[in-house]
Amino acid sequence: FPVTIGGDKAILISATGTGKTYLCAFDVQQAGAKKFLFIVHRENIATKALRTFSAQIGDKVEYGVYET
């Protein structure tokens, strides 16, 4: 379920395989966001999400993965 926080921030909580990454990419694209943060707990999920964002949004934003 998407929850809007303060009008310009949101969080999405949903089950595995329901399209959260695509929904986020569509929202980022539609909002014309210059920055966004996509948090995951595994490197393979981050790598796949990076490909999804790149395919959906293109080179309009810079992408990167921060690993701790």
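The values are calculated or read from the model by the stated rules, or taken from the named source; none is laboratory data. These figures come from a predicted structure and were not determined experimentally. Virtual Cβ from ideal backbone geometry, glycine too; neighbours counted across all protein chains shown. Remember, those area values only see protein heavy atoms, side chains included, never the ligands or the DNA or RNA. Shrake-Rupley method; radii C 1.70, N 1.55, O 1.52, S 1.80 Å.
Assuming R0 = 35 Å, can you tell me the calculated FRET efficiency for the pair Ile13 and Asp59, based on Cβ-Cβ distance, to the nearest 0.05? Present the calculation step by step, with values, prior to reporting the outcome.
Numbers: r = 30 Å, r/R0 = 0.84.
My answer for the efficiency is 0.75.
The chain: Rg/Rh from Cα coordinates, Kirkwood Rh? Write out the running numbers ahead of the final one.
Details: Rg = 11.9 Å, Rh = 12.7 Å.
Reported Rg/Rh, Kirkwood definition of Rh: 0.93.
Amide H to amide H under 5 Å from Ala10: which residues, 5+ apart in sequence or cross-chain, H placed 1.01 Å off N in plane?
It is Ile5, by chain and number.
Show that you can apply the helix-only estimate: for the chain, add -39,500 (n - 2.57) for every DSSP H stretch of four or more residues, divide by all residues, and state [θ] at 222 nm to the nearest 500. It would help to have the intermediate numbers written out before the result.
Numbers: 2 runs with 27 residues, N = 68.
Helices in the chain give a 222 nm mean residue ellipticity of -12500 deg cm²/dmol.
Per-residue counts of other Cβ atoms within 10 Å, averaged by peptide: what ranking do you get for 13-19, 30-36, 43-49, highest first? Mind dumping the intermediate values first?
Values: 13-19: 8.3, 30-36: 9.9, 43-49: 13.1.
Put in order of decreasing packing, that is 43-49, 30-36, 13-19.
Ignoring any ligand, DNA or RNA, what whole percent of the accessible area of the chain comes from carbon and sulfur when the probe is 1.4 angstrom?
Numbers: 3240 of 5830 Å².
Percent of accessible area from carbon and sulfur atoms in the chain: 56.
Once both labels are modelled 7 Å past Cα along the beta-carbon direction, what's the Leu50-Tyr22 spacing in nm?
Between Leu50 and Tyr22, the simple spin-label model gives 2.2 nm.
Residue-wise, which Karplus ³J(HN,Hα) couplings in Hz belong to region 48-60, taking 6.51 cos²θ - 1.76 cosθ + 1.60, θ = phi - 60°, and x for glycine or proline?
5, 4, 4, 5, 5, 4, 4, 5, 7, 9, x, 9, 6
Please work out the average accessible area per residue across region 6-68, using the 1.4 Å probe convention, and give it in Å². Mind showing how you got there, number by number?
Details: 5340 Å² over 63 residues.
So region 6-68 comes to 85 Å² accessible per residue, rounded to a whole number.
Using θ = phi - 60° and the Karplus curve 6.51 cos²θ - 1.76 cosθ + 1.60, what whole-Hz ³J(HN,Hα) does each residue of region 14-26 get, with Gly and Pro shown as x?
My calculation for region 14-26 gives 7, 5, 4, x, 9, x, 4, 5, 5, 4, 4, 4, 4 Hz in order.
Modelled label-to-label distance, Glu43 and Tyr66, 7 Å Cα→beta-carbon offset: nm?
For Glu43 paired with Tyr66, the spin-label model returns 1.8 nm.
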